[in-house]
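Every read-out reported here was derived from the displayed coordinates using simple, explicitly stated rules and does not represent laboratory data. The structure displayed is predicted, hence computed values, not measured ones. Don't worry about glycine lacking a Cβ; one is built from the backbone with ideal geometry, like all the others, and counts go over all protein chains shown.
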Amino acid sequence: MVLKFTHLIFTLFFIIGAVVFANAQTDATTRNGVPSKEDMPKGIQENLAKQRIEREKKDFADLLSRGEEAVKLSNDLEKSFSQNNQLSAEDRKKIDRLEKIVKKIRNEIGADNDDEAVEVDDKPLSVLNALKALQNNTVKLVDELKKSTRYSISVVAIESSNLLLKVVRFLRFGKK
């Protein structure tokens, strides 16, 4: 019995020693053994930087295309209302789509959900006035997006997006 117990303890010490020896062979500078970015070859670092720049350019182009889509939707809504004097079910879907686009734009330009901070000077009292304000502010937002770069944050663009969301909510719910 003592011999079996001694054999078991010897085996455990051997296994623990093997594990410690194996861990001593890995790179101790990083946790998982993968080299950090500073330790990577220069070619790989350059490729990663190029990929990051291309991704940022694509994201900025997507931001601008969302802005153009928002302008198109606001123009379509105003034309539809001027022809029918009411908002159809399709127009309501366009308003929902416009709200989603403006929220995406607002998030991508670094704004928080502080809608309440924006005060509307001339509150739209009718749907027609709201649609005109929607179109004007959408154009203003897109102009600001075009003026900015992918490295900058435009306060005017953030305020315009917040104002657009207020007008969209007025159109959806009929109140501010």
*With each pseudo-label sitting 7 Å past Cα toward Cβ, what's the residue 18-residue 169 distance in nm, one decimal?*
6.5 nm
*If R0 is 30 Å, what FRET efficiency do you get for residue 51 and residue 104 from their C-beta distance, rounded to 0.05?*
0.85
_I'd like to compare 45-55, 153-163: which one has the highest average count of other Cβ atoms within 10 Å, and what's the full order after that?_
153-163, 45-55
*Under 25 Å Cα-Cα from residue 42, which lysines qualify once same-chain neighbours fewer than 8 residues away are excluded?*
50, 57, 58
_Just to check, using Stokes-Einstein with a Kirkwood Rh over alpha carbon pairs, what's the diffusion coefficient of the range 53-173 at 4 °C and 1.567 mPa s in µm²/s?_
89 µm²/s
*asked:* Could you tell me how far the Cα centroid of the range 123-176 sits from the Cα centroid of the range 41-113, in Å?
replied: 13 Å
*Using a basic spin-label model with each label point 7 Å from the Cα along Cα→Cβ, how many nm lie between residue 65 and residue 10?*
7.1 nm
*Surrounding net charge for residue 59, when Lys and Arg each add one and Asp and Glu each subtract one, Cβ distance under 14 Å*: +3
